[in-house]
1. Output the residues belonging to segment 187-218 that are closer than 14 Å to G276 by Cα and among the aliphatic types (A, V, I, L, M).
2. Just to check your reading of the model, which residue among V355, V365 is in contact with a strand residue (DSSP E or B) (Cβ under 7 Å, 6 or more places away or on another chain), free of Cβ contacts under 8 Å to residues at least 24 places away in the same chain and not charged (D, E, K, R)?
3. Given the conditions (1) farther than 18 Å from G246 by Cα; (2) more than 28 Å from the chain's Cα centre (by Cα), report the number of the one that L295 does not fulfil.
4. Working only within segment 203-229, note down all residues that are among the hydroxyl-bearing types (S, T, Y), more than 15 Å from G271 (Cβ to Cβ) and part of a loop (DSSP other than H, G, I, E, B).
5. Give the residue, chosen from L336, L370, L354, L376, that is buried (at least 16 other Cβ atoms within 10 Å of the Cβ), under 30 Å from the mean Cα position of the chain (by Cα) and at pLDDT below 95.
6. Could you run through segment 135-169 and say how many residues are closer than 18 Å to D108 by Cβ, among the acidic types (D, E) and surrounded by fewer than 18 Cβ atoms within 10 Å (Cβ to Cβ)?
7. Look at segment 230-253 and say how many of its residues are farther than 17 Å from A268 by Cβ and either surrounded by 20 or more Cβ atoms within 10 Å (Cβ to Cβ) or modelled with pLDDT of 75 or more (or both).
Amino acid sequence: EMSTIPGRGHKRKANDGSDEDIGIEHTRALENLVEFCNAERSGWMTALKVVQRVSKLSNEYFKEEGRIEAVRRYGTTLAPRFWPEPPSVCVLINSSVRTKSESVFAVDVERFVSAVRDTKTQRLVQIQEAKAVSPPQIEKVREIGRSIGALQNIIVKAFALDKPVRRRIQISARRLPLYRSSFTVRLLEPGARLNSVPPSRLGYEQILDFYRLSDCGAFSFGRDFKGPQFFHDIRRNVAILTATRGPMSPTDEIVSSSQEEILFSEYAVSGIDAPGMNPSSILGPFTAIECVDGLGECYMRDHDAEFKLVSELCATELSVRAPGDTNNLYCGQITLWSKKPLCASCSKVVQHQLVIALPKANIKVLVDDLESGPSLNNHNE
C-alpha cells in the first residue's frame, strides 16, 4: 500500500547519534502523520458521529427497518420470505472495519512507533552506560532521560492521531453483537430454495437475504454451525448459473420463438449437501482435481459450487452426462457468477472441459460482477 508519509523510502541521513538529530527525524515524520490526520479528521469525526447516533437506536428499530427494506426489495407478498440487513445495521457493519486509507495510515503509525521505540531502546542503553562510568555522568543521564520522555510522548501522540477511527470501530463492534443476540432462528422448510436468481451481485444478495437468520446447522455456509445465520463471515463460495435455450436445432423456433428463454437457472454453495442446488447424480461429465483452498487445505473440488452447477446443467438439460460427451447443437448463453475467484480445478472445468463439451455455447464467467476474462465465445466464425 502507498504510505501516507511523504518521502517514505528515503535513506536516513547520517548523524552523530545526538538526541537532537534523532529527535528532528522523528519530529518530521510525526508532522507528516499529523498533516494527513488533519486532512482526514473532518471525515473521521463525521463517521464517528453517525455511528454514535446509530448505535443508540433500539433493536426493534433495526428490525422494523429490516421489514421495510424487505418490502422495498421484494414487495409485500414476498417480503416475509426474506430478511435483508437493515440499512442502519449496514452502517455499523461497514464502520466496524477500517477503510483502505485508514488501514494504510494505521500501518504508517505502527512503523513510525516501531522506529521511535528502537531509538528509545538505544537511549535506554546509553543511559545505563552513562550511569555505569565512574563518576556517573549525571548531566548526560538527565539529558538522555529527557529524550526518553520525549520519545514516549511522541508514541502516545502518534497512537492518539486516529482516535476517532478506533472509537468508531469499537462502538460498532460492541453494538452489532447486541443486535444479533436479540434474534432466534427463522424457520425455513428443509430444502427450501429460491427460483430464478440472476447471476449477479444482486442475485447473491438475494440469496443472503433468503437464508439470513436461518439455522446455521441446517443451512451451512461453512463458518457458523449453530444459531441464526448472519453472514458476518462466509467461508464457502456461492455461485449462480443461468443458461438460455438458444436455437438447438433448425426446428427449435417452432417450440419457442425466443432464443433468450431460460433453460437452466440455479445457484449453489460449495460443500456436500450445502444450501441451493446439489447434483442429482454423483456421476457427471467433468473431472475435478485436488487443489488448495484459502486456508491451505487440499482436497478434491468436486463439490465446489461452480463444478456442481455446470455438471448439473450439462447432465440434466444438454445430454452431456459422461466424460467425452459433447453437444454440438447447443448455441445458448451460459452465464456463471461466482463470489470468489475460480480455483484451479473449476477454472479447468469451466474454461476447458465445458468449452469442449459445448463447442457452440457462449460462456461468460463473472467474479463478483468483475469479468474474469473475455466471454468464451465458441461459435465458429
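1. Answer for segment 187-218, where residues must be closer than 14 Å to G276 by Cα and among the aliphatic types (A, V, I, L, M): L188, A192, L194, V197, I207, L208, A218.
2. Values: V365 fails: free of Cβ contacts under 8 Å to residues at least 24 places away in the same chain.
Going through V355, V365 in turn, just one is in contact with a strand residue (DSSP E or B) (Cβ under 7 Å, 6 or more places away or on another chain), free of Cβ contacts under 8 Å to residues at least 24 places away in the same chain and not charged (D, E, K, R): V355.
3. (2)
4. First pass over segment 203-229, keeping only residues among the hydroxyl-bearing types (S, T, Y): 204, 211, 214, 220.
Then drop every residue that is not more than 15 Å from G271 (Cβ to Cβ), which leaves 204, 214.
Within segment 203-229, just S214 meets the criteria.
5. Working: L336 fails: at pLDDT below 95; L370 fails: buried (at least 16 other Cβ atoms within 10 Å of the Cβ); L354 fails: at pLDDT below 95.
Result: L376 is the single residue among L336, L370, L354, L376 that is buried (at least 16 other Cβ atoms within 10 Å of the Cβ), under 30 Å from the mean Cα position of the chain (by Cα) and at pLDDT below 95.
6. Going through segment 135-169, the residues closer than 18 Å to D108 by Cβ turn out to be 151, 154-166, 169.
If we keep only those that are among the acidic types (D, E) too, we end up with 162.
Then drop every residue that is not surrounded by fewer than 18 Cβ atoms within 10 Å (Cβ to Cβ), which leaves none.
Counting residues in segment 135-169 that are closer than 18 Å to D108 by Cβ, among the acidic types (D, E) and surrounded by fewer than 18 Cβ atoms within 10 Å (Cβ to Cβ) gives 0.
7. Restricting attention to segment 230-253, the residues satisfying the condition of being farther than 17 Å from A268 by Cβ are 230, 232-233, 244-253.
Adding the requirement that they be either surrounded by 20 or more Cβ atoms within 10 Å (Cβ to Cβ) or modelled with pLDDT of 75 or more (or both) leaves 230, 232, 244-246.
Within segment 230-253, residues that are farther than 17 Å from A268 by Cβ and either surrounded by 20 or more Cβ atoms within 10 Å (Cβ to Cβ) or modelled with pLDDT of 75 or more (or both) number 5.
The values are calculated or read from the model by the stated rules, or taken from the named source; none is laboratory data. Just so we're clear, the structure is a prediction, and the values are computed from it rather than from any experiment. A quick note on method: Cβ atoms are made from the backbone with ideal geometry, for glycine too, and the neighbour counts reach across all protein chains shown.
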